[in-house]
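Colleague: My structure is below; once you've seen it, I'll send some questions.
The values are calculated or read from the model by the stated rules, or taken from the named source; none is laboratory data. Note that the coordinates shown come from a computational prediction; the quantities given were computed from them, not determined experimentally. Don't worry about glycine lacking a Cβ; one is built from the backbone with ideal geometry, like all the others, and counts go over all protein chains shown. Note: accessible area is taken over every heavy atom of the protein model, side chains too, but ligands, DNA and RNA are not part of it. Shrake-Rupley method; radii C 1.70, N 1.55, O 1.52, S 1.80 Å.
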Amino acid sequence: LLFSNMAEDGVAKTVVFDVEMACGGCSGAVTRILNKMEGVLNVDASLEDQKVTVGLSEGGPSPEVMLEALKNWGENANKKVQLAEGQ
């Protein structure tokens, strides 16, 4: 919990993706992919909302870079991935 609270303080930008996820395996895979990227502070993958919210530090990856990584996973897992509207 302490790490999570500290990360919230450093979030410079939040990006939301619409991600088709069927189970905890899907949300876990998406979380692992994004957490490997430098500048990603936190990832919240919601199965219920089918959304992935990413907190980024200043200079973190662009939405396009993250989207490309998620789309690669989505093609292999046969899941749809896109930037949420208004991003």
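Colleague: Of the numbered conditions (1) modelled with pLDDT of 95 or more; (2) on the phi > 0 side of the Ramachandran plot, residue 35 satisfies every one except a single condition; which is it?
Modeller: Unmet condition: (2).
Colleague: Sticking with this structure for a sec: How do the pairs read when you match residues in segment 30-50 that are assigned to a strand (DSSP E or B) with residues anywhere that are of a type in the set (D, E, K, R), using Cβ under 9 Å and keeping only pairs 6 or more apart or on different chains?
Modeller: 41/8; 42/8; 43/32; 44/51; 45/51
Colleague: Restricting attention to segment 14-29, and to residues there that are touching a helix residue (DSSP H, G or I) at 6+ places or on another chain (Cβ under 8 Å) and touching a residue at least 60 places away in the same chain (Cβ under 8 Å), which single residue is most open to solvent (accessible area, probe 1.4 Å)?
Modeller: Among those that are touching a helix residue (DSSP H, G or I) at 6+ places or on another chain (Cβ under 8 Å) and touching a residue at least 60 places away in the same chain (Cβ under 8 Å), it is 20.
Colleague: Cβ-Cβ below 7 Å, separation at least six or inter-chain, first residue in segment 56-83 and on the phi < 0 side of the Ramachandran plot and without any contact (Cβ under 8 Å) to a residue 60 or more places away in the chain, second among the basic types (Lys, Arg) and outside any helix (DSSP H, G or I): which pairs?
Modeller: 56/13; 60/13; 74/80
Colleague: Identify the residue in segment 55-87 that is touching an Asp or Glu at 6+ places or on another chain (Cβ under 8 Å) and closer than 15 Å to residue 21 by Cβ and, among all such residues, is surrounded by the fewest Cβ atoms within 10 Å (Cβ to Cβ).
Modeller: Here the residue is 80.
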